[in-house]
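The values are calculated or read from the model by the stated rules, or taken from the named source; none is laboratory data. Quick caveat, the model's predicted, so the values are computed rather than measured. Every residue, glycine among them, receives a Cβ derived from its backbone with ideal geometry; neighbour counts consider all protein chains shown.
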Amino acid sequence: MAVIEASGLRREFRAPFRSNTVIAVDGLDLRIEPGRVFGLLGPNGSGKTTTILMTLGLLKPTSGTVRVLGHPAGHREARRRTGFLPEETRLYEFLSGEETLDFVGRLFGLPRAVRRKRAHELLEKTNMWEARNRKLATYSKGMARRIGLAQSLIASPDLLILDEPTSGLDPVGNRGVKDLLREIAAEGTTVLTTSHILGDVADVCDEILIVHRGRPILSGNVADLLADAERLAWESDSVSTEARERIAEAFRAEGAELYGVRPPATTLESLFLDALTRDKESHPDAGGA
Amino acid sequence: MRAALRLRLLEARRRGGLLLLGIAFVAVLAIALFGGETVDGRYGLATDVAATLGYVAAVFIGAFPLAIDRERKRSYLPSASPVSPWQWALGNSAAAAVIAAVFAVTLYVAAAIGAAAGGGVETWAVTRVGDEGMFRLGPTPQRIHVPADTQALRLRARTFLVADESLGTADTAVIGISGRGYEIHDDRPVTVPVDVQQSGDDRVVIIRNRSPEYAVGIDIGSLRALTERRSFFPNSLAASIAPALGAGALAALGAAAGANLGAPVAALALMLLLLLGSLKGFLLDVIEYEGTLKEAQSTVVQHGDHTHGGGSEIRDHPLRAEAKRVLAGMLQVVPTISELDRTGAVATGEWIRARRIDSAAYLLAGALAVAAVLGGLGISMRRTP
């Protein structure tokens, strides 16, 4: 049974006192199998958030159907098993991080001991333990995002729906969220996420659907979609110049074009994180928020 | 429901609710200590201010779920959780009601502490005895029908010096009630203990004018039989019920309506009702009460030769009387908040003055609330998913 199954989904918006109608989602079919990390991609205004809200039952489709975990979208049982991180982290600013997790745990009817245990686990996982007693009003955008992610996980959901989870995060937070998503997916939780940052999607998603102007235009397995069947990439230890020449000769003998031989470059993200780690090790008592 | 209740109570505390309550407490306490010449007057004014602030708080506490509702929509946390919308609405409403009740009761405590420090006050269960209008009290004893358990009578009277009888008159008119004399001061209610007498099947109190050199007009609408003394606590609790219910109802509408337009429109309707209520208070105060007194005064002056007639009623011009009746009938449709919070218990004192103050405060609170609701409406209209 698919975790999310949408068929012919369409949503129109009519502005009050105006005659024009905006079609946010138009004829969307969606099927997400258990344990998959599914990325919903598209430019601004392409209908990603509207699709998510319909999946949660917070918006009614103009036409079409959505079933979540075997129930109609918005069904109480479906909501009980779904965690959600909205695009805008509008949490209650007068609560602390730990109180926020406790509040959401209450909404899900978790017993006190479970709420406390889960909250502590998630505060550690999202690297928010030290800031757990600070009011959310004092949090940076990235910290609020991480608490938002933690609250979406408080009830150990079977389905996690994330709207732009890495929005506003610095590279450290970004890496942390991606690692957490991989961990969650490895535990069998199904994840539906949207993002503008295609590199993040490629890092964590098994499948993607690209939408444009409310319509699906491309979908499939990420590895398959990104693979270039016409080319091969080789990686090896460094070899002598003579050895490189012999290898190139072998390619030419096979009639294959050798496009280049160069040392592999690290990513900017890795470079940034390594620099931070080195600085932290050499100046452990330095300040900062 | 409990999550919403706890969240709202926590929010009220963390957003400065205790500080506001503290400031209001000190203000009411100061009024009860220094706000008038007599302790009854100070207590009356302080409780009216307490009730007014209670209503202002109730309006804002009740209207606040609109903001919460918007926040809920934007964060979607409760909506996306298993909590049902009605549970969320109920929790919000209960919290608003609790906060409003705590606010009102605490301010009544301030009034009581201030009044107790100034010598103590008495509160009574009150029954209205007369209808509207005014009658002239002459030297001939008049009988006022009262409930059997009446212990005291409260009334307001107006005195007019009769020119041809004025030589050698006393400084102040005196009326006799149950055989004892009481001085009359214009516009100030007098509360006196009475002996109820049997007259056929009726219970009556005997009242007469002891100063024939004065024409004394009794405001029939002000006649109250005070039947039972009540302690501060039931009095304050009774006074806190209406603000608590109002805040709870408003919060329920705001949170339960859900739709972008529904909540503000529902709240707007309630705000308009409050405005009408306060408007009625003004009309009763300014038109009916003052108008009646002025009318009575001019009638006495014009018909001075009839002032010695025993107990004859001073009548309005028929057309004006008819207009007042129509107006009173219209106003009966709208409950006056001032009347609601005096249900079952009332403080003796300068209640007319206080009533004008609270009417003004209701208008101000109503106008602010309407502005807040319209602002929320505008923001809601702009919201796009």
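Structural remarks
- Residue match in the stretch B:18-37 (condition: assigned to a helix (DSSP H, G or I), at the interface with chain A (Cβ under 10 Å from one of its Cβ atoms) and closer than 30 Å to B:Pro85 by Cα): no
- Residue selection: A:Val66 fails the criterion of being facing chain B (nearest Cβ under 10 Å), touching a residue at least 40 places away in the same chain (Cβ under 8 Å) and crowded, with 20+ Cβ neighbours inside 10 Å.
- Checking B:Trp86 against (1) away from chain A (no Cβ under 14 Å); (2) at pLDDT below 75, the condition it does not meet: (1)
- Among the conditions (1) more than 9 Å from chain B (Cβ to nearest Cβ); (2) among the hydroxyl-bearing types (Ser, Thr, Tyr); (3) assigned to a helix (DSSP H, G or I), A:Ser7 misses just one, which is (3).
- Sole exception among (1) touching a residue at least 60 places away in the same chain (Cβ under 8 Å); (2) touching an Asp or Glu at 6+ places or on another chain (Cβ under 6 Å); (3) in a strand (DSSP E or B); (4) not polar (S, T, N, Q) for A:Ile52, by number: (3)
- Which numbered condition A:Ser46 fails, given (1) more than 22 Å from the chain's Cα centre (by Cα); (2) in a loop (DSSP other than H, G, I, E, B); (3) of a type outside the set (Asp, Glu): (1)
- Note on the stretch A:118-144: residues that are in a helix (DSSP H, G or I), within 13 Å of chain B (Cβ to nearest Cβ) and either surrounded by 14 or more Cβ atoms within 10 Å (Cβ to Cβ) or within 24 Å of the chain's Cα centre (by Cα) (or both) total 2.
- With respect to (1) under 31 Å from the mean Cα position of the chain (by Cα); (2) on the phi < 0 side of the Ramachandran plot, the lone exception for A:Tyr259 is condition (1).
- Test: residue in the stretch B:156-179 that is at pLDDT below 85, surrounded by 15 or more Cβ atoms within 10 Å (Cβ to Cβ), farther than 26 Å from B:Gly36 by Cα and among the aliphatic types (A, V, I, L, M): yes
To keep it simple, each residue is scored yes or no on (1) within 19 Å of A:Leu198 (Cα to Cα); (2) in contact with a Pro (Cβ under 8 Å, 6 or more places away or on another chain); (3) among the aliphatic types (A, V, I, L, M); (4) surrounded by fewer than 17 Cβ atoms within 10 Å (Cβ to Cβ).
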position	(1), (2), (3), (4)
A:Gly8	no, no, no, yes
A:Phe13	no, yes, no, yes
A:Thr21	no, no, no, yes
A:Ala24	no, yes, yes, no
A:Asp29	no, yes, no, yes
A:Arg36	yes, no, no, no
A:Leu40	yes, no, yes, no
A:Gly47	yes, no, no, no
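- A:Leu101 surrounded by 18 or more Cβ atoms within 10 Å (Cβ to Cβ) and on the phi > 0 side of the Ramachandran plot: no
Results for (1) closer than 23 Å to A:Phe38 by Cβ; (2) surrounded by 10 or more Cβ atoms within 10 Å (Cβ to Cβ); (3) in contact (Cβ under 8 Å) with a residue 12 or more places away in the chain, shown as yes or no for each residue.
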residue	(1), (2), (3)
A:Ile197	yes, yes, yes
A:Asp200	yes, yes, yes
A:His212	yes, yes, yes
A:Arg215	yes, yes, yes
A:Trp234	no, no, no
A:Glu254	no, no, no
A:Gly260	no, no, no
A:Leu273	no, yes, yes
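- Index of the failed condition, A:Arg36 passing every other in (1) under 17 Å from A:Asp158 (Cβ atoms); (2) within 12 Å of chain B (Cβ to nearest Cβ): (2)
- Helices (runs of 4 or more DSSP H) fully within the stretch A:176-289 counting 3 or more residues that are in contact with a strand residue (DSSP E or B) (Cβ under 9 Å, 6 or more places away or on another chain): A:198-204
- Scanning the stretch B:21-39 for residues that are surrounded by fewer than 16 Cβ atoms within 10 Å (Cβ to Cβ) and modelled with pLDDT of 90 or more yields a total of 4.
- For the stretch A:96-117, the count of residues that are within 11 Å of chain B (Cβ to nearest Cβ) and in contact with a strand residue (DSSP E or B) (Cβ under 7 Å, 6 or more places away or on another chain) is at least one.
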